[in-house]
Amino acid sequence: MANLLWLQGGACSGNTMSFLNAEEPSACDLVTDFGINVLWHPSLGMELGENLQRMLRALTSGEMPLDIFVFEGTVVNAPNGTGQWNRFAGRPMKDWVADLCKVANFVVAIGDCATYGGIPAVAPNPSESVGLQFLKRAQGGALGASYRSKAGLPVINVPGCPAHPDWITQIVVAVATGRAGDLTLDEFQRPKTFFTSFTQTGCTRNMHFAYKVSATEFGQRKGCLFYDLGCRGPMTHSPCNRILWNRQSSKTRAGMPCMGCTEPEFPFFDLNPGTVFKTQTVMGVPKDMPTGVDKTGYIKLTAAAKAASPAWAESDIFVV
Amino acid sequence: MSAAVQTLDISPVGRVEGDLDVRVDIQDGVVVNAWTSAELFRGFEIILRDKDPQAGLVVTPRACGICGASHLTCAAWALDTAWRTTVPRNAILARNLGQIVESIQSLPRHHYGLFMIDYTNKNYASSPFYEEAVKRWAPFTGTNYEVGVTISGRPVEIYALLGGQWPHSSYMVPGGVMCAPTLTDITRAWSILEHFRRNWMEPMWLGCSLERYEEIRSYDDFMAWLDERPEHANSDLGLFWRMSLDIGLDKYGRGHGRYVSWGYLPHEDRYNKPTIENRNASVIMKSGVYDGAADTHKLMDQSFTREDVGHAWYDEPGHLHPFDRTTKAIAKNDVDHDARYSWSVAVTHDQDGRLEAGPLSRQLIAGGRHGESWQHYDPLVLDMYKKMGGASVMLRHFARMHEGVKLYREAERILREFRLKDSWYEKPTERDGRGWGATEAIRGALCHWIEVEKGKIKNYQIIAPTTWNVGPRSNDGSRGPIEEALIGTPIADPHDPVEVGHVCRSYDSCLVCTVHAHDAATGEQLAAFRTA
Ligand code: SF4
Ligand code: SF4
């Protein structure tokens, strides 16, 4: 029986909503099949007011064991490092987080806000938000770079805005059932099992990418979204086209450019004018290249691919 | 001599989507005064300032992961009106469908995940319905809890067919949508809807067919339906109704008795050239303000909206229209119940004062004859409201669930209306100007105001449903809707004030989007707070 506590800081509840869509395993399966004891959750927990405060104190004092602490949302430090702009159960949430992380066996950060700061940390970051162990690419965050949970692991980061439900439940179950040893984390503390391949892996527009055929406008049933519409699929680590969303699709399959939400820099270019849903180019060549591709190679490849591109590539391939 | 006043601070209330703190004064076991405080501030409107005009499409769905599609709808329509776009009919339908499936998803999720759990509270152990309630509705393990929570993930599969994923797609853009669904997407969407109906709506929620349920047009019809067959009385709706009466949820949670809706679901042939002015006459579900005491209906107009900040943690003059807000957050947010105590502002109507937003409001407005002849009309909840003596925890929750069948029918209609060979997007010309986009999230009236200047966002303002409902006192001292609804609430056990939870949860308030919706501060001030 693993005790799990889930709290939200500067959050939109999107990861909770995503979590409730989980299927393998589902949110209820965690409890009924894997014996996880959900002590409390902001949207699902039974207790309110003083009863919850009593439980939180029992956890921080060590009277009640905390196996898994799940955190969604940023750690709010405003104003001036006090954290008073996000109070919970009578005190700044950042103080609860610090105390709970001291006693937790494992700490799992869910979603971009908890991992890297996400949308709330976009400049000028009014809430002085940070992730648990990062702010964007910089290690540190609320807990500091050297933080380790009682089981000896750093914060396990499950990024995404939101994180995919199955990434969440699979990691929680792996940890709860003693498989933490099989977890390997990358430099941003993401489980490699999910975050080594690219969003592009499995994208149905891949052939168009190869032949450099572009979707030039929205609402088209052909073309790759990389060349004009700012798709970050070739340089984003995520399994979005392997483990589909809501069992059905992915952003790029549906015609929406990948925004790179599993990378620490999301949202890219801080949403400055001219950067939303538009590929940034220098003299016609994309500024951000597919990972591992250099500019000269890219230009040569483009000429060859364009010449080789078959006639069908310019027609509606995902036909009515 | 009356008993002493006992003050109870409840932090957090929980299961209201965000961190809500409530203070109540109790006298003779009944709430006599109340204050609601929103305790999180993220500053989304500050973040949006000076960004790309389309940044709202990315940022505002993240204001609230629960009604992200509704935020996206507002963000897209706000830019449409600012840029004077043309929106193809397919795109209007696709936007409406996305919003509808998000709302349908929210029904079982809220009902089982957030609301019915309280019916298993030990305070109700003496109710004859208690044992059955625990069997069905206990968190995670209840038979219907598990089915309801799991199946709530299905409608948003349709969202994924349109936008790639739910939550947090940005597939609605000025000029249309990013997707161009195919025949297989449409057919698949249809079968998902059918699955939802055959496995939850009919057998578990209603205990009858949608067609039978749609025959209910009055309170008397409803009571006759309840007694007609055991399947009706024992459905989750039937049991909810009977147990609510037994535990007295028809007796408190009344509120101000004045209601607002922006109206929603623009008609695909009537709003292709959207403007702020022609919206009221173009939406299928009409807008309005209903005054329960006078029993009058009229249309709602965005120009009536005002925000009072006298009791909120902002330092600026009161009673401003959102376009005029200069917004300045106060750094030191101490709770002072006589002065400032919330990040939510007090939203008011210029003439009608404090209004309640939400599904009950929509249904009371749906019972009015004040709109266009072709617009949606439904007299049931208004009739119940009058016969039951006004609003209550029970009626508010019923109204929320009642909408499901209507939204389901509209989703079906949309799937028939798509013309797959026609366009989904018309590329707009970017320009400066002011825009406004509104809708009804499942939780109530939601709208965005945008001002674009020199190709970037000059001002972005959001008023979420919970901003209306959870707001603190306004400058004239009137309580916010939830504060008002708490008055008269009986508290059986001050150590477990589940009744306060009932009232707050009947509003299905959603603090996550309120609290950042009305922030602001000057750029200079913020620089001082910025982390390295
Ligand atoms: S649409 Fe994006 S993910 Fe798909 S092939 Fe093109 S660049 Fe890759
Ligand atoms: S496709 Fe890209 S933006 Fe979408 S969820 Fe995956 S990583 Fe995030």
Next on the checklist: Out of the residues in the stretch A:91-114 meeting the condition of being part of a strand (DSSP E or B) and touching a residue at least 24 places away in the same chain (Cβ under 8 Å), tell me which one is farthest from A:Thr74 (Cα to Cα).
Outcome noted: A:Phe106
Checklist entry - Any idea how many residues of the stretch B:283-296 are surrounded by fewer than 21 Cβ atoms within 10 Å (Cβ to Cβ) and within 24 Å of B:Pro322 (Cα to Cα)? => result 1
Checklist entry - Would the stretch B:31-42 turn up any residue that is modelled with pLDDT under 90, at the interface with chain A (Cβ under 10 Å from one of its Cβ atoms) and within 30 Å of B:Lys273 (Cβ to Cβ)? => result no
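Here's the yes/no breakdown for (1) open to solvent by less than 10 Å² (accessible area, probe 1.4 Å); (2) in contact (Cβ under 8 Å) with a residue 60 or more places away in the chain; (3) in contact with a helix residue (DSSP H, G or I) (Cβ under 6 Å, 6 or more places away or on another chain):
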residue: B:Thr36; (1), (2), (3): yes, yes, yes
residue: B:Asp50; (1), (2), (3): no, yes, no
residue: B:Ala55; (1), (2), (3): yes, yes, yes
residue: B:Asn90; (1), (2), (3): yes, yes, no
residue: B:Ile100; (1), (2), (3): yes, yes, yes
residue: B:Met116; (1), (2), (3): yes, yes, yes
Checklist entry - Does A:Pro273 qualify as being within 14 Å of chain B (Cβ to nearest Cβ), under 24 Å from B:Arg49 (Cα atoms) and open to solvent by 40 Å² or more (accessible area, probe 1.4 Å)? => result yes
Checklist outcome for this item: Among the residues of the stretch A:217-244, the number that are more than 9 Å from chain B (Cβ to nearest Cβ), of a type in the set (Lys, Arg) and either in contact with a strand residue (DSSP E or B) (Cβ under 6 Å, 6 or more places away or on another chain) or over 30 Å from B:Thr150 (Cβ atoms) (or both) is 2
Checklist entry - Under 8 Å by Cβ, and 6 or more places apart or on different chains, what pairs join a residue from the stretch A:245-257 that is within 7 Å of chain B (Cβ to nearest Cβ) with one that is charged (D, E, K, R) and within 10 Å of ligand 2 (Cβ to nearest atom)? => result A:Trp245/A:Lys251
Item to check | Subset of the stretch A:10-37 that is within 7 Å of chain B (Cβ to nearest Cβ) and surrounded by fewer than 24 Cβ atoms within 10 Å (Cβ to Cβ) - its residue that is nearest to the chain's Cα centre (by Cα) | outcome: A:Leu20
Checklist entry - Is there a residue in the stretch A:115-127 that is of a type outside the set (A, V, I, L, M), in a helix (DSSP H, G or I), within 7 Å of chain B (Cβ to nearest Cβ) and over 22 Å from A:Ile171 (Cα atoms)? => result yes
Checklist entry - Cβ-Cβ below 8 Å, separation at least six or inter-chain, first residue in the stretch B:293-321 and more than 15 Å from B:Trp468 (Cβ to Cβ), second open to solvent by less than 30 Å² (accessible area, probe 1.4 Å) and part of a helix (DSSP H, G or I): which pairs? => result B:His297/B:Ile365
Next on the checklist: Whether any residue in the stretch B:232-241 is within 30 Å of B:Glu131 (Cα to Cα), in a loop (DSSP other than H, G, I, E, B) and at pLDDT 95 or above is what I want to check.
Outcome noted: yes
Checklist entry - Given the residues A:Gly62, A:Gly45, A:Gly83, which is the only one that is facing another protein chain (nearest Cβ under 7 Å), in contact with a helix residue (DSSP H, G or I) (Cβ under 9 Å, 6 or more places away or on another chain) and either in a loop (DSSP other than H, G, I, E, B) or of a type in the set (Asp, Glu) (or both)? => result A:Gly45
Checklist entry - Within the stretch B:399-417, can one find any residue that is open to solvent by 10 Å² or more (accessible area, probe 1.4 Å), touching a Gly at 6+ places or on another chain (Cβ under 9 Å) and within 22 Å of B:Val283 (Cα to Cα)? => result no
Checklist entry - Hey, any hits in the stretch A:293-316 for a residue that's open to solvent by 70 Å² or more (accessible area, probe 1.4 Å), at pLDDT below 95, more than 26 Å from A:Glu187 (Cα to Cα) and assigned to a loop (DSSP other than H, G, I, E, B)? => result yes
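Okay, residues lined up against (1) more than 15 Å from B:Arg400 (Cα to Cα); (2) at pLDDT below 95; (3) open to solvent by less than 30 Å² (accessible area, probe 1.4 Å):
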{"site": "B:Gly248", "(1), (2), (3)": "yes, no, yes"}
{"site": "B:Lys251", "(1), (2), (3)": "yes, no, no"}
{"site": "B:Gly255", "(1), (2), (3)": "yes, no, yes"}
{"site": "B:Val260", "(1), (2), (3)": "no, no, yes"}
{"site": "B:Arg270", "(1), (2), (3)": "yes, no, no"}
{"site": "B:Thr275", "(1), (2), (3)": "yes, no, no"}
Checklist entry - Mind checking which pairs have a first residue in the stretch A:202-214 that is more than 14 Å from A:Gly255 (Cβ to Cβ) and a second that is near ligand 1 (Cβ under 6 Å from one of its atoms) and β-branched (Val, Ile, Thr), Cβ under 6 Å, 6 or more apart or different chains? => result none
Checklist entry - If we scan the stretch B:306-324, do we find a residue that is farther than 19 Å from B:Arg369 by Cα, touching a helix residue (DSSP H, G or I) at 6+ places or on another chain (Cβ under 6 Å) and open to solvent by less than 10 Å² (accessible area, probe 1.4 Å)? => result no
Item to check | Which numbered condition A:Ser214 misses (of (1) more than 8 Å from ligand 1 (Cβ to nearest atom); (2) more than 14 Å from chain B (Cβ to nearest Cβ); (3) of a type outside the set (A, V, I, L, M, F, W, C); (4) over 22 Å from B:Val173 (Cα atoms)) | outcome: (4)
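Would you check if A:Pro264 is more than 8 Å from ligand 2 (Cβ to nearest atom), in contact with a Lys or Arg (Cβ under 6 Å, 6 or more places away or on another chain) and over 18 Å from B:Lys51 (Cβ atoms)?
yes
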Checklist entry - Looking only at residues in the stretch A:189-204 that are surrounded by fewer than 24 Cβ atoms within 10 Å (Cβ to Cβ) and within 14 Å of chain B (Cβ to nearest Cβ), which one is nearest to ligand 2 (Cβ to nearest atom)? => result A:Gly202
Checklist entry - Between residues in the stretch A:221-233 that are without any contact (Cβ under 8 Å) to a residue 24 or more places away in the chain and residues that are near ligand 1 (Cβ under 6 Å from one of its atoms), which pairs lie under 6 Å by C-beta distance while being six or more apart or on different chains? => result A:Cys224/A:Arg205; A:Cys224/A:Phe209
Checklist entry - Across the stretch A:117-172, which residue is farthest from A:Ala78 (Cα to Cα) among those that are of a type in the set (Ser, Thr, Tyr) and buried (at least 21 other Cβ atoms within 10 Å of the Cβ)? => result A:Thr169
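The values are calculated or read from the model by the stated rules, or taken from the named source; none is laboratory data. Nothing here was measured: the structure is a model prediction, and the numbers come from that model. Positions of Cβ are generated from backbone atoms using ideal geometry, with glycine treated the same way; all protein chains shown enter the neighbour counts. Calculation scope for accessible area: heavy atoms of the full protein, side chains included, ligands and nucleic acids excluded. Shrake-Rupley method; radii C 1.70, N 1.55, O 1.52, S 1.80 Å.
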